[in-house]
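Before any comments, here is the structure.
Rule-based calculations on the coordinates, nothing more; no lab input. In this text, all values refer to a predicted model and were calculated from it rather than measured experimentally. Here the Cβ positions follow ideal geometry from the backbone for every residue, glycine too, while neighbour counts run over all protein chains shown.
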Amino acid sequence: MERILRLKWYEWIGWLVNIVMAAMAAIFVTLSFLGEELRAALMGLGIAATFIAAWTWVLLFYGKPREAGLNHKPQD
Amino acid sequence: MPETSKERKRVIIILGGSLAFIALWGLMLIPWGNKESGAYLTQGEVYQAGSPDQVFNALMVPEYTGPTDKTFVYKGICNEDIRVPLEAPVNQVKRVINDRRSQSEEIKTLARSLGADIVGICELNPKWKFSGVPLNHKYAIAVGEALPYSFCREQKDDVKAMISTKSALDFYRQGGKIALFLADTIREMGYPARAHYESWSQVLTVPVTVDAGLGEVGRNSLLITPEYGPRCRFAIVTTDLPLETDKKTKSSGITEFCEICDRCVTTCPAKAIPAGGPTVTRGVVKWQLDLDKCFKYWYQGSNAWSRCMVCMTACPWNKADNVLHKVGSFLASRSPFSRWVILKVDGILGYGEKVDTTPIIRTSSK
């Protein structure tokens, strides 16, 4: 049970946090735009985008071990 | 289990970041460190002013002549004058009240249909009456109208700022209109009632609104409501009509928020709002506004509009009444940590910017 859908258990937690963060940011920015509070919406968008991008980079690339069969041809 | 040190570091960062996120929201959502009650706090004997005239005279405004007309006049459908008096005889046929709760709901619905945005009912505390008035009503109904948010944002345009200031002044009269109609209806039901607004008031408005559970008093001495912040104007109706009161059981975090926020202090052009903690003034625990400085700045004479809704505009509780800010108000009511975070985020999002306080010179000055 170490991996489900090619993700390890702690990666699942990380992605879940990322999705929640993105959903909250989307709600905040949309409601701010609808409320004609453009400055708050843009600042919120900028801050949220920075956090989400950084967290996504950690989840996708940081310290991830190279997996055999994906990065190079298997040896005969 | 992770095999390399880099992979171990990856696990620590992902788990640490996720836990920090969960802990942050946990600390924001779990209620702690709030006061038990958001009621008006008193210590010792409360000093009561004799009348509103005494209060106005103390402010030394030479143009103030005191209330003269005690009748509200509005135009009917055929342009006829319809007069609603401040005091009138009570209907001799008394309506029987069996269910106080439904009676209270009926009164609140009536107030809302007359234009009130928030309504609260409390028992009238004799401390909040002016000392020289013969008022013995048991209940007080507080009705509040909220200024539109667009009027309470910073107006960089002079004309818009002037319209906002004029509208703010007119709102006192609008609240009075609701109170007069409400009192008139209650008298028709066979119970004594009186409207209290502007200089015609025999009770102190803000403490009554706190007792009615509508909000808490902020550092800027305005009543701050969770729904509309400081931009409400209130009028009171006192009556003997049997009503169920609204119970104020716990603090909504507004006073505690003011303890860590000094935005109105730094923005006030008259330097009338005190920094630091609340003090006991005439028996009441509150932040005591320097009324002389406040009123003299606000009233610029007949030659200028003061643009002074600054403490309202700058207040972090002054937000549009939408879901987003309802969530913000909810979070600010949870704990000292959540209030600190909300205040910082509010500033980062650009709400705490400096407000223009230059008076607007009237072109058509008398």
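At 25 °C and a viscosity of 0.890 mPa s, what translational diffusion coefficient does Stokes-Einstein give for the stretch B:115-197, taking Rh as the Kirkwood radius over Cα pairs? Give it in µm²/s as a whole number.
Working: Rh = 14.9 Å.
Calculated translational D: 165 µm²/s.
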ask   = Label points 7 Å out from Cα along the Cβ direction at B:LYS250 and A:ALA49: separation in nm?
value = 4.0
inquiry  = If you split all Cα-Cα distances of the protein assembly as shown into 10 Å bins from zero, what percentages do you get per bin, shortest first?
reply    = 4, 17, 25, 22, 14, 8, 5, 3, 1, 0, 0
ask   = Given B:CYS311, B:GLY120, B:GLN103, which one lies farthest toward the positive end of the charge dipole of the protein assembly as shown, if we put +1 on the Cβ of every Lys and Arg and -1 on the Cβ of every Asp and Glu?
value = B:CYS311
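Sorting A:GLU37, B:GLU259, B:GLU80 on the 10 Å Cβ count, fewest up front, what's the list? Show your work: numbers first, answer last.
On the way: A:GLU37 23, B:GLU259 15, B:GLU80 8.
Ascending Cβ contact count within 10 Å gives the list B:GLU80, B:GLU259, A:GLU37.
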Eligible aspartates and glutamates near B:LYS247 by straight Cα distance, threshold 18 Å, same-chain separation 8 or greater = B:GLU36, B:ASP99, B:GLU105, B:GLU106, B:GLU123, B:ASP211, B:GLU216, B:GLU227
request  = Note down the net charge around A:TRP15, summing +1 for each Lys or Arg and -1 for each Asp or Glu among other residues with Cβ under 12 Å from its Cβ.
outcome  = +1
note = In this structure, the FRET efficiency calculated for B:ARG100 and B:SER199 from their beta-carbon separation, with R0 = 30 Å, to the nearest 0.05, is 0.40
ask   = Could you give the dipole magnitude of the stretch B:130-287 about its Cα centre, charging the beta-carbon of Lys and Arg +1 and that of Asp and Glu -1, in debye to the nearest 20?
value = 280
Loop-located trypsin sites (Lys or Arg not before Pro) in the stretch B:211-316 whose Cβ has at most 16 other Cβ within 10 Å (DSSP) = B:LYS247, B:LYS250, B:LYS271, B:ARG282
task = Determine the gain in length on full extension of the stretch B:ARG282-B:LYS9; use 0.36 nm per residue of separation and subtract their C-alpha separation, reporting nm with one decimal.
result = 92.1 nm
Value at 222 nm in deg cm²/dmol, rounded to 500, when DSSP H runs of n ≥ 4 in the protein assembly as shown each add -39,500 (n - 2.57) = -13000 deg cm²/dmol
request  = Kindly write out, for the stretch B:306-318 in residue order, the coupling ³J(HN,Hα) from the Karplus curve 6.51 cos²θ - 1.76 cosθ + 1.60 (θ = phi - 60°), rounded to whole Hz, with x marking Gly and Pro.
outcome  = 6, 6, 9, 10, 4, 5, 6, 4, 6, 5, x, 7, 7
key: Pairwise label distance in nanometres, A:ALA22 with B:TRP340, each label 7 Å out on the Cα-Cβ vector   = 3.2
remark   = Most exposed to least, judged by fewest other Cβ atoms within 10 Å, B:VAL90, B:VAL284 sort to B:VAL90, B:VAL284
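Over all directions, what mean area does the Cα convex hull of the stretch B:81-143 project, stated in square nanometres? Walk me through the intermediate numbers first.
Working: hull surface 25.5 nm².
For the stretch B:81-143, averaging the hull's shadow over all directions gives 6.4 nm².
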request  = Obtain the nm distance between the two label points defined at A:TRP9 and B:ARG112 by a simple spin-label model: each point lies 7 Å from its Cα along the Cα-to-C-beta direction.
outcome  = 5.0
Cα-centre dipole for the protein assembly as shown with unit charges at Cβ (Lys and Arg positive, Asp and Glu negative), debye to 20 = 840
key: Descending principal axes extents, the stretch B:179-264, alpha-carbon based, whole Å   = 48, 29, 19
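Largest first and in whole Å, give the semi-axes of chain B's equivalent ellipsoid, each being the square root of 5 times a Cα gyration tensor eigenvalue. Intermediate values should be presented prior to the final figure.
Values: eigenvalues 329, 143, 79 Å².
Over the Cα atoms of chain B, the semi-axes work out to 41, 27, 20 Å.
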task = Could you state the angle between the C-alpha long axis of helix B:336-348 and the longest principal axis of the C-alpha atoms of chain B, as a value from 0 to 90 degrees rounded to the nearest 10?
result = 90
ask   = Once the piece of chain linking B:ALA20 and B:SER167 is laid out straight, how much longer is it, given 0.36 nm per residue of separation minus the C-alpha distance between them?
value = 48.3 nm
remark   = Farthest towards the positive end of the dipole of the protein assembly as shown, among B:PHE151, B:ALA88, B:TYR172 and with Cβ unit charges of +1 on Lys and Arg and -1 on Asp and Glu, lies the Cα of B:PHE151
request  = Can you tell me the relative contact order of chain B? Whole percent, Cα pairs under 8 Å, sequence separation 6 or more.
outcome  = 23
task = For the stretch B:265-282, just list the computed ³J(HN,Hα) in residue order, Karplus coefficients 6.51, -1.76 and 1.60, θ = phi - 60°, integers in Hz, with x standing in for Gly and Pro.
result = 5, 6, 8, 4, x, 8, 6, 9, 9, x, 8, x, x, x, 10, 8, 10, 6
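Based on the Cα atoms of the stretch A:3-58, what semi-axes does the equivalent ellipsoid have, where each is the square root of 5 times one gyration tensor eigenvalue, given in whole Å with the largest first? Walk me through the numbers on the way to the answer.
Values: eigenvalues 163, 24, 6 Å².
Value: 29, 11, 5 Å, ordered largest first.
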request  = For B:LYS344, go through the aspartates and glutamates and keep the ones whose alpha-carbon is under 17 Å away, minus same-chain ones fewer than eight residues off.
outcome  = B:GLU256, B:GLU259, B:ASP262, B:GLU353
ask   = Between B:LEU27 and B:TYR299, 0.36 nm times their residue separation minus their Cα-Cα distance comes to what?
value = 93.5 nm
